[in-house]
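Enquirer: Got a structure for you, written out below as structure tokens; questions coming shortly.
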Amino acid sequence: MGFTVQLEVWHDSKWNPIVRYDGSHGFPHKDVFRRNGESRKVPLKMSFKEALVFADKDIRDRWEMYLQRFLRGDWP
């Protein structure tokens with residue numbers, strides 16, 4: 001099952017990913033991004049369906065915190 005749920009911000013004249021949940025690479029995972037372009041991949045120990053539901057809720061509930069951390073240059 002393929003899916004992508006992503007939070008982005010328009011910053012420095014371009015769209016920047018902040019948090020992305022997806023099922024590429026054969027397993028569900030969360031990618032987090034810093035403003036300088038660094039990224040980390042965090043495997044999710046759940047099914048693809050559970051990861052999709054979790055991703056929707058997490059971004060809906062925590063988008064403001066993720067955005068603030070990203071704009072400070074921290075990890076979301």
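Where a number appears in this text, it was derived from the coordinates with a stated rule and is not lab data. Predicted, not measured: the structure shown is a model, and the values here were computed from it. Counting neighbours? That spans all protein chains shown, and the Cβs are built from the backbone with ideal geometry, glycine included.
Enquirer: Would you calculate the separation in nanometres between label points at Arg62 and Ser39, each defined as 7 Å from the Cα along the Cα-to-beta-carbon direction?
Expert: 1.8 nm
Enquirer: So if the hydrodynamic radius of the chain is defined as the Kirkwood radius over C-alpha pairs, what does Stokes-Einstein give as its diffusion coefficient at 25 °C and 0.890 mPa s, in µm² per second?
Expert: Answer, rounded: 196 µm²/s.
Enquirer: Where the only charges are on Cβ atoms (+1 Lys, Arg; -1 Asp, Glu), what is the dipole of the chain about its Cα centre, to the nearest 20 debye?
Expert: Magnitude of the dipole: close to 160 debye.
Enquirer: Between Arg35, Arg62, Arg20, find the one with the highest GNM mean-square fluctuation for the chain; connect C-alpha pairs within less than 10 Å.
Expert: Maximum among the listed residues: Arg62.
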